[in-house]
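Structure, as structure tokens:
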Amino acid sequence: QGIRPMQISLEELKRHSTKEDAWTTLGGKVYNISPYLRYHPGGVKELMRCAGRDGTRLFNITHMWVNYERLLSNCFIGYLVPGGGS
Ligand code: HEM
């Protein structure tokens, strides 16, 4: 059995918005995107737009055909706590 995934609030997610420590959430899953930044075909700046916040909408309007669950499987850290407002 692996390490139990974390339950992460939006408030906690917001604290991780720098290149060195960038988290985002896509479809309720939270990822540490810092290691992926240098590999993103759309560039660092674009990907950083979803750092520290819910990136689902931005991701979907740019490339909803991309399989992020596969690409970011090693970056998965936990689940967003449902609700919690803005
Ligand atoms: C391209 C992954 C988030 C903007 C791509 C491509 C992949 C990818 C695989 C190449 C797609 C293709 O050629 O068909 C990801 C992953 C993300 C993410 C895993 C989630 C963390 C974002 C966000 C934005 C963005 C949040 C914008 C705010 C772009 C753009 C391209 C691109 C503009 C096109 C680059 C080009 O073809 O010149 N991304 N992306 N991506 N991405 Fe992302």
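The values are calculated or read from the model by the stated rules, or taken from the named source; none is laboratory data. Because the structure is a prediction, the values reported are computed rather than measured. No Cβ is skipped: glycine too gets one built from the backbone with ideal geometry, and neighbour counts run over all protein chains shown. Areas reflect the complete protein model, heavy atoms only, side chains present, ligands, DNA and RNA absent. Shrake-Rupley method; radii C 1.70, N 1.55, O 1.52, S 1.80 Å.
Brief remarks follow.
- For residue 61: the one exception among (1) among the hydrophobic types (A, V, I, L, M, F, W, C); (2) within 10 Å of the ligand (Cβ to nearest atom); (3) open to solvent by less than 80 Å² (accessible area, probe 1.4 Å): (3)
- Residue count for region 1-34, restricted to those that are open to solvent by 50 Å² or more (accessible area, probe 1.4 Å) and assigned to a helix (DSSP H, G or I): 3.
- The number of residues in region 47-58 being in a loop (DSSP other than H, G, I, E, B) and either touching a His at 6+ places or on another chain (Cβ under 8 Å) or crowded, with 18+ Cβ neighbours inside 10 Å (or both) comes to 4.
Per-residue answers, yes or no, for (1) part of a strand (DSSP E or B); (2) in contact with a Gly (Cβ under 8 Å, 6 or more places away or on another chain); (3) open to solvent by less than 40 Å² (accessible area, probe 1.4 Å):
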site: 37; (1), (2), (3): no, no, yes
site: 41; (1), (2), (3): no, no, no
site: 45; (1), (2), (3): no, no, no
site: 65; (1), (2), (3): no, no, no
site: 74; (1), (2), (3): no, no, no
site: 79; (1), (2), (3): yes, yes, no
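- Being polar (S, T, N, Q) and farther than 19 Å from residue 81 by Cβ is a condition met by no residue of region 3-14.
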